[in-house]
1. Filter the range 18-75 down to the residues that are assigned to a loop (DSSP other than H, G, I, E, B) and aliphatic (A, V, I, L, M), then identify the one that is surrounded by the fewest Cβ atoms within 10 Å (Cβ to Cβ).
2. Could you go through the range 190-198 and let me know if any residue there is modelled with pLDDT of 95 or more, farther than 15 Å from Tyr20 by Cα and not aliphatic (A, V, I, L, M).
3. Report yes if some residue within the range 76-89 is outside any loop (DSSP other than H, G, I, E, B) and either out of contact with any strand residue (DSSP E or B) (no Cβ under 9 Å at 6 or more places or on another chain) or closer than 21 Å to Gly138 by Cα (or both); otherwise report no.
4. So the check is Cβ under 8 Å with 6+ separation or different chains; which pairs have a first residue in the range 224-249 that's assigned to a strand (DSSP E or B) and a second one that's buried (at least 19 other Cβ atoms within 10 Å of the Cβ) and not hydrophobic (A, V, I, L, M, F, W, C)?
5. Please go through the range 204-223 and pick out each residue that is of a type in the set (Gly, Ala, Ser) and part of a helix (DSSP H, G or I).
6. Just give me the residues in the range 114-145 being assigned to a helix (DSSP H, G or I) and under 16 Å from the mean Cα position of the chain (by Cα), in sequence order.
Amino acid sequence: MNETKSNEWNAGHYDQKIGYVSRLGQSLIGLLQPAEGERILDIGCGTGDLAWEIARSGAHVTGIDSSEAMVAQAAAKYPSLSFRVDDAQTFRLQPEEAPYDAIFSNAALHWIRRPADAARSMALALRSGGRLVAEFGGQDNIAEIYQGIRSALESAGIDADERNPWYFPGIGEYASVLEAEGFHVRTAELYERPTPLGDGAQGLRNWLDAFAGKFFAGMTEPEKEEAYVRCEAAVRGKLLRGGEYIADYRRLRITAIRL
């Protein structure tokens, strides 16, 4: 979900341990207001749960994700829907495809390190008057977790900034990206969303396994274990509450119309 090429995705782990991503994206479907017969593109569809919820409206949904593992899992779970492996930065309509009525994206666009290319892809995929509804990590998202990762890797002689796969823009920055590609931004909100990671004290490790693999690439298992321990120690005081880690999420929620 995702410029997922920057992270190795384990679809089974995602469904079993990171289910809150789709659950918390449910409210975004209310903003989308999908209608029967509409053609809707889900960018960064992951394992397909939200695409399925959108399709229950009677809309025709296509999900794309750059992770083969995620798309395979989505197709196995929801065989009546259309999923394919594709990159949001280079996605283009097939010659036989009509433009979409709407684009939906949850927890994906912060994996896109070339946001202008993704905005161009979205504009080209939408009909005039088509709508974009998206939510993803915004400015200062997971600031405490990231500092924990930086601290852990610094002890191992690794510069976390050089491995950072994420893009967390502010409202003005991302609105400008969309407007440059022919969108009219209707609403934009950057808000705090503290997110329980579940699974007790194991929750942070589940999160690191799912989303932070690039930072720990090349480490032996003992080196990775030491880095995880250091990261937990760095964030425990601020993020561990009642035996559970609460991630310091800040989300950017955008609705826009293609002119």
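The values are calculated or read from the model by the stated rules, or taken from the named source; none is laboratory data. Since we're looking at a predicted model, the values are computed, not measured. Counting neighbours? That spans all protein chains shown, and the Cβs are built from the backbone with ideal geometry, glycine included.
1. My answer is Ala35.
2. Within the range 190-198, one or more residues are modelled with pLDDT of 95 or more, farther than 15 Å from Tyr20 by Cα and not aliphatic (A, V, I, L, M).
3. Scanning the range 76-89, I find at least one residue that is outside any loop (DSSP other than H, G, I, E, B) and either out of contact with any strand residue (DSSP E or B) (no Cβ under 9 Å at 6 or more places or on another chain) or closer than 21 Å to Gly138 by Cα (or both), so the answer is yes.
4. Glu244/Gly203; Tyr245/Gly203; Asp248/Asn141; Tyr249/Gly137; Tyr249/Asn141
5. Those that are of a type in the set (Gly, Ala, Ser) and part of a helix (DSSP H, G or I): Ala210, Gly213.
6. Hits for the range 114-145 are Pro115, Ala118, Ala119, Met122.
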